[in-house]
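The values are calculated or read from the model by the stated rules, or taken from the named source; none is laboratory data. Bear in mind that the values here come from a model prediction, so they are computed numbers and not experimental data. So basically every Cβ, Gly included, is an ideal-geometry build from the backbone, and we count neighbours across all protein chains shown.
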Protein chains: 2
Amino acid sequence: MDGPEPHTDPFASLLGYHLRRASVAVMADLTASLAPLELTPAEASVLFAIGAGSGVTQAEIGRILGIARANMAPLMARFLALGLVEREAVDGRSQALTLTRAGRDLHDRARAAAAAHEDRMFGGFSAAERAAILAKLRALWEPESGGL
Amino acid sequence: MDGPEPHTDPFASLLGYHLRRASVAVMADLTASLAPLELTPAEASVLFAIGAGSGVTQAEIGRILGIARANMAPLMARFLALGLVEREAVDGRSQALTLTRAGRDLHDRARAAAAAHEDRMFGGFSAAERAAILAKLRALWEPESGGL
DNA sequence: TATTGTTATACTCTATAACTATA
DNA sequence: TATAGTTATAGAGTATAACAATA
């Protein structure tokens, strides 16, 4: 007869489980960090994508960030309504996106908030550790990043 | 005058961004791995928690897994309807949960599916690398795990 | 024939509030 | 006064289908 089951942690070996829990915790902190700017993490990432590339289009951003085209529309509508973004026709269907002055302003503040958030979350890791983890995480979702 | 902005990846330094993308990709694979068993990742984790501890209660599982009590109810109702779980009164309000034979059976198949999934996702990492990443991830969400 | 941007819609997950019964 | 379990419901986030205009 076996005794009662030993209380070994059933999630101790499940990397995916810890990945998920960590992601949820980190996202919650980021959400709180961006809330004063009235930006969600997804919106901030779109702002970063527009701010980095000159004249990216809406569809391109969706592909880069993994946001469905249908869900980009209301997000961009809000940015336009807030005067954060300007559009310039590339051809009859695509429009190049650039940040207005207000958009660049908010972009910079979101960048600062994200940086503070990263320091708060990952400050306990050395720069080398951060780089090592980042490379491994990238390999998990970005096939062309080389790893795995 | 500045030239056009250089195309530096605006997410290159954002660990949180890569954590999120990796989590989404890994969860999608796990979801697909568990679909033949008609289990969601959350359901499988509950099955694992019941299978590991003798007589845990519904509320305890919620706390362990970060699932709100309100959301545990329908999940457990399904498990009971499927005959996967049995309840035994601990006191007037709590009930100890144990797996039935069918529940243990599904538990073991879910375990196997999760293990195959983990190998597929993380097989490119050495055991030492897996352990190192897991410890870092744990530190991000489980304060008492020591790190950070 | 494929792509862009849009609208409408559905589906899942998660969060909140309220309630009963029990400790 | 706090906790267990439940119900109902609301809000995100995400996914699908369809459409008009353009390539």
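Observations
- Among the residues making up segment B:83-93, those that are out of contact with any helix residue (DSSP H, G or I) (no Cβ under 7 Å at 6 or more places or on another chain) and either of a type in the set (Gly, Ala, Ser) or away from DNA strand C (no atom under 16 Å from the Cβ) (or both) are B:Glu86, B:Ala89, B:Gly92.
- Condition met for B:Leu134 (more than 14 Å from every other protein chain (Cβ to nearest Cβ) and either crowded, with 17+ Cβ neighbours inside 10 Å or not charged (D, E, K, R) (or both)): no
Quick grid of which residues meet (1) under 18 Å from the mean Cα position of the chain (by Cα); (2) of a type in the set (S, T, N, Q); (3) within 16 Å of DNA strand D (Cβ to nearest atom):
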residue: A:Leu14; (1), (2), (3): no, no, no
residue: A:Asp29; (1), (2), (3): yes, no, yes
residue: A:Leu34; (1), (2), (3): yes, no, yes
residue: A:Glu38; (1), (2), (3): yes, no, yes
residue: A:Phe48; (1), (2), (3): yes, no, yes
residue: A:Arg78; (1), (2), (3): no, no, yes
residue: A:Val90; (1), (2), (3): no, no, yes
residue: A:Arg101; (1), (2), (3): no, no, no
residue: A:Arg111; (1), (2), (3): yes, no, no
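- Among the residues of segment A:104-130, those that are within 9 Å of chain B (Cβ to nearest Cβ) and hydrophobic (A, V, I, L, M, F, W, C) comprise A:Ala114, A:Ala115, A:Met121, A:Phe122, A:Phe125.
- Residue identified as touching a Phe, Trp or Tyr at 6+ places or on another chain (Cβ under 8 Å) and either aliphatic (A, V, I, L, M) or more than 8 Å from chain A (Cβ to nearest Cβ) (or both) among B:Val85, B:Val90: B:Val85
- All of (1) within 11 Å of chain A (Cβ to nearest Cβ); (2) at pLDDT 95 or above hold for B:Arg101 with one exception: (1).
- Which listed residue, of A:Gly53, A:Gly3, is more than 14 Å from the chain's Cα centre (by Cα), at pLDDT below 95 and buried (at least 20 other Cβ atoms within 10 Å of the Cβ): A:Gly53
- Filter result (of a type in the set (Asp, Glu) and free of Cβ contacts under 8 Å to residues at least 24 places away in the same chain) within segment B:19-62: B:Glu38, B:Glu60
- Condition met for A:Glu38 (charged (D, E, K, R), more than 9 Å from DNA strand C (Cβ to nearest atom), more than 10 Å from chain B (Cβ to nearest Cβ) and farther than 27 Å from A:Trp141 by Cβ): yes
- Counted residues, segment A:105-148 - those being part of a helix (DSSP H, G or I) and over 19 Å from A:Leu39 (Cβ atoms): 19
- Segment B:16-26 - residue that is more than 14 Å from A:Ala139 (Cβ to Cβ) and either surrounded by 18 or more Cβ atoms within 10 Å (Cβ to Cβ) or in contact with a Phe, Trp or Tyr (Cβ under 6 Å, 6 or more places away or on another chain) (or both) and, of those, farthest from the other protein chains (Cβ to nearest Cβ): B:Tyr17
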